[in-house]
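The values are calculated or read from the model by the stated rules, or taken from the named source; none is laboratory data. Because the structure is a prediction, the values reported are computed rather than measured. Note: ideal-geometry Cβ built from the backbone for every residue, glycine included; neighbour counts use all protein chains shown.
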Number of protein chains: 2
Amino acid sequence: MLYEISEKVIKLENEGKKIIKFNLGDPDQPTPPEVIEAAYEAMKKGKTKYSSAAGEKNLRETLAEIHGVSADNIVITAGSKWAIFASMYLLLKKGENVIVPTPHWTAYDLTAKSFGAEIKILRTELESDWKVDFEKLQKLIDDKTRLIILNNPNNPTSKVMDEKTVEKITNIADEKGITILSDEVYADISFVKTKSVLDISPNHLIVKSFSKTFAMTGWRLGYAIANKELVEKIVKLNQITLTNVPAFIQEGALKALELRHEIIRKIREEYRRRADMACKLLSKTSLKFSKPEAPFYLFPKKEGLDSEKFAFDLLDKGVAIAPGTSFGNYREHFRLALTAPNDEVEQGLKIIAEAFK
Amino acid sequence: MLYEISEKVIKLENEGKKIIKFNLGDPDQPTPPEVIEAAYEAMKKGKTKYSSAAGEKNLRETLAEIHGVSADNIVITAGSKWAIFASMYLLLKKGENVIVPTPHWTAYDLTAKSFGAEIKILRTELESDWKVDFEKLQKLIDDKTRLIILNNPNNPTSKVMDEKTVEKITNIADEKGITILSDEVYADISFVKTKSVLDISPNHLIVKSFSKTFAMTGWRLGYAIANKELVEKIVKLNQITLTNVPAFIQEGALKALELRHEIIRKIREEYRRRADMACKLLSKTSLKFSKPEAPFYLFPKKEGLDSEKFAFDLLDKGVAIAPGTSFGNYREHFRLALTAPNDEVEQGLKIIAEAFK
């Protein structure tokens, strides 16, 4: 459904129609110019050849220092999506299963299905502030359960799990010998402190990305933090699939890390401002939602809403959103990504508010 | 073994030793500066966002025109290796098999094994000029055979299949309803005309790359040409794995295609000159080999040679090669990639010639 909306947006734009795009989590900010210059310099210096399937040494070392791990625990991947696919591919076989709290990002589901693994859904609800029910989690675990996927902060709710929840789930996973795949791609820019699974137990796999933090979505650059054995397996899979992430892209990333405090401060402030504006505008409507604790999303609910129909109706009014059904069984919800330029964000929110006044 | 040699090379270089690297097919020429400038301009124009999982429209259209197909038949991939992995992943299941003439590139084997598919080896020999035995091929085919992988021109022999052989194999595959995965990444720079499977039958899958043709190995850019159904399947796999190849890299590729006649002429001439030099120097030794018909490789044989031992001995003399065992059961062979700078190529060849005089 997410892809159908995207395609219709492209079609409408090609017809000359102006669309405010709240449907994709692609920041409207450009990649910082310093990052572009660093990548360009690297190209000119000949960093255009085959390179390590594990990633460039200096980038792995810098990331290791930031996360307090060894460089052997880091593997550079073509976006966090590749880290997720690779680890699911390596850890999950046909007939086995993975537990995913919902609402959830579409790709987990499609990836598991692509090699015949089962997704077990652990539903969370707006009404209970998206809290995970630990008893339900424990009941879902069986002898075919290999993975639990956490997405913290969460896409589409922008909810950050409280520390105790992260600890409790990690403890359950450790007890049962199940690996957590913790997708923490929004953690570095979240508005509230986000507890990483990495700080609790060394048994699990953390996935991070340069996409959201540094407005580098199209560059395809992410990484996984894991034990050496799993890192080596991902490196071997890289050798027969991607070979390497372009070394000049990794030089750009190194520059991004050098400037990270400034870049992150700016991007976080911008998205906090937008989230506040959205909360203010939408609180005057009949929509219910939890206050975003991270960029970029809101996941409002309206009782009785058919969000698929609403998404297409709203497109006619020039605003694209993602229906809740793209994130599990959440037909009454829809997702707003506040990643359009500032003036469009306000204009788009007003059109939505009008529909629910 | 290929990776062990590479690692030892890196170790020796870190110790300050000078190594002439004939072990990897990575051209010593830099990426053409026009390509780098085009990529840089695209970055500055904001082509740094999520883009199509099928590839950029203008690049697909240009490639379609070059190959006389529709843009719907083209999917851009992160290197030809990804096109190969993706199509094997989609077409080959556990318990099924793929037929591969040997000597063969390592990755086919590792990829098939990574999801439990069987590789059936169709051995070819230097003594019969690397010709495929059609009867043997037909006997290898069973009801679990889903793919035949051709690599034409071949790595490691640099042999180009004659037209009749390509036609005959394609006809056999068509009769039996088996897909050919034709890896033609060296075809655009081969010294002799190379018949493409694409020109014989529309049922198969052609894999191409910018790596060798345009000295763009580290950029990770290739493409597959196939029927629309298979292209769509690869696009869907891209959506859950890589999302897209960076759009600015595709802009660089577009510039490379614009300048392709000049770039290809230069690279072909250079490698023909090197191949001639190698043939001349090595013909005075006890080594037997077929004359290269494409860049970059020679695959000489010495009866009784243990090429793994030889590879390590030669490393002590400052020259890195790949033992024949990296390409199948070819212990008496070794592979030379003439991708070192010109003066090193001559020096390295002389050291090898000395060992077999």
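Going by what's in this entry, would B:PHE248 be described as outside the structural domain of B:THR102 (by TED's automatic domain parsing) and crowded, with 16+ Cβ neighbours inside 10 Å?
When the stated conditions are applied, B:PHE248 does not pass them.
I'd like to verify a number: residues in the stretch A:99-119 that are in a strand (DSSP E or B) and either within 14 Å of another protein chain (Cβ to nearest Cβ) or surrounded by fewer than 18 Cβ atoms within 10 Å (Cβ to Cβ) (or both), how many?
Number satisfying all stated conditions: 2.
Assuming B:LYS21 fulfils every condition listed in (1) assigned by TED's automatic domain parsing to the domain that holds B:PHE299; (2) surrounded by fewer than 20 Cβ atoms within 10 Å (Cβ to Cβ) apart from one, which condition is it?
Among (1) assigned by TED's automatic domain parsing to the domain that holds B:PHE299; (2) surrounded by fewer than 20 Cβ atoms within 10 Å (Cβ to Cβ), the lone unmet condition for B:LYS21 is (2).
Considering each residue of the stretch A:1-52, count those that are within 30 Å of A:LYS317 (Cβ to Cβ) and either more than 8 Å from every other protein chain (Cβ to nearest Cβ) or in a strand (DSSP E or B) (or both), and give that number.
Number satisfying all stated conditions: 26.
With a cut-off of at least 2 residues that are in the same structural domain as A:PRO156 (by TED's automatic domain parsing) and β-branched (Val, Ile, Thr), name the strands (runs of 3 or more DSSP E) lying wholly within the stretch A:178-233.
Once the strands (runs of 3 or more DSSP E) in the stretch A:178-233 are filtered for at least 2 residues that are in the same structural domain as A:PRO156 (by TED's automatic domain parsing) and β-branched (Val, Ile, Thr), what remains is A:179-183, A:205-209.
Limited to the stretch B:52-61, what total is found for residues that are closer than 16 Å to B:LEU254 by Cα and buried (at least 17 other Cβ atoms within 10 Å of the Cβ)?
6
Out of everything in the stretch B:53-78 that is within 10 Å of chain A (Cβ to nearest Cβ) and assigned to a loop (DSSP other than H, G, I, E, B), what residue ends up being farthest from the chain's Cα centre (by Cα)?
B:ALA53
Tell me yes or no: at least one residue of the stretch A:144-153 is of a type in the set (S, T, N, Q) and on the phi > 0 side of the Ramachandran plot.
no
Going by the conditions given, is A:GLY328 on the phi > 0 side of the Ramachandran plot and in contact with a helix residue (DSSP H, G or I) (Cβ under 8 Å, 6 or more places away or on another chain)?
It is false that A:GLY328 is on the phi > 0 side of the Ramachandran plot and in contact with a helix residue (DSSP H, G or I) (Cβ under 8 Å, 6 or more places away or on another chain).
Residues being β-branched (Val, Ile, Thr), under 23 Å from B:ILE76 (Cα atoms) and either part of a helix (DSSP H, G or I) or more than 14 Å from every other protein chain (Cβ to nearest Cβ) (or both): count how many of those fall in the stretch A:237-273.
Residues in the stretch A:237-273 being β-branched (Val, Ile, Thr), under 23 Å from B:ILE76 (Cα atoms) and either part of a helix (DSSP H, G or I) or more than 14 Å from every other protein chain (Cβ to nearest Cβ) (or both): 1 in total.
Answer yes or no: is there a residue in the stretch A:297-304 that is more than 13 Å from every other protein chain (Cβ to nearest Cβ), touching a residue at least 24 places away in the same chain (Cβ under 8 Å) and part of a helix (DSSP H, G or I).
Within the stretch A:297-304 (the criterion being more than 13 Å from every other protein chain (Cβ to nearest Cβ), touching a residue at least 24 places away in the same chain (Cβ under 8 Å) and part of a helix (DSSP H, G or I)), the answer is no, since none of the residues qualifies.
Cβ contacts < 7 Å: first residue crowded, with 17+ Cβ neighbours inside 10 Å, restricted to the stretch B:254-277; second residue of a type in the set (D, E, K, R), any location; separation 6+ or different chain. Result?
From the stretch B:254-277, the pairs are B:LYS255/B:GLU34.
When B:ILE10 is evaluated against the numbered criteria (1) buried (at least 18 other Cβ atoms within 10 Å of the Cβ); (2) outside the structural domain of B:GLU184 (by TED's automatic domain parsing), which criterion, by number, is the only one it fails?
Every condition holds for B:ILE10 apart from (1).
Between B:GLY318, B:GLY348, which is touching a Gly at 6+ places or on another chain (Cβ under 9 Å), surrounded by fewer than 18 Cβ atoms within 10 Å (Cβ to Cβ) and closer than 20 Å to B:ASP26 by Cβ?
B:GLY318
Would you confirm whether any residue within the stretch A:248-263 is touching a strand residue (DSSP E or B) at 6+ places or on another chain (Cβ under 9 Å) and modelled with pLDDT of 95 or more?
The answer is yes; a qualifying residue exists.
From the list B:ALA64, B:ALA83, which one is over 19 Å from B:LYS212 (Cα atoms) and of a type in the set (A, V, I, L, M)?
B:ALA64
Would a scan of the stretch B:327-340 turn up a residue that is outside any loop (DSSP other than H, G, I, E, B) and small (Gly, Ala, Ser)?
Looking for residues that are outside any loop (DSSP other than H, G, I, E, B) and small (Gly, Ala, Ser), one finds at least one in the stretch B:327-340, hence yes.
Would you check which residues across the stretch A:169-184 are among the hydrophobic types (A, V, I, L, M, F, W, C) and closer than 15 Å to A:ILE66 by Cα and list them?
Within the stretch A:169-184, none qualify.
Any residue in the stretch A:79-94 that is more than 10 Å from every other protein chain (Cβ to nearest Cβ) sitting within a Cβ distance under 8 Å of a residue that is assigned to a helix (DSSP H, G or I) and of a type in the set (Gly, Ala, Ser)? List the pairs, counting only those 6 or more apart or interchain.
Matching pairs, first to second residue: A:LEU92/A:ALA112.
Restricting to the stretch B:123-143, give me the number of residues that are surrounded by 19 or more Cβ atoms within 10 Å (Cβ to Cβ) and either in a strand (DSSP E or B) or hydroxyl-bearing (Ser, Thr, Tyr) (or both).
1
Just give me the residues in the stretch B:217-236 being touching a helix residue (DSSP H, G or I) at 6+ places or on another chain (Cβ under 7 Å) and at the interface with chain A (Cβ under 7 Å from one of its Cβ atoms), in sequence order.
B:GLY218, B:TRP219
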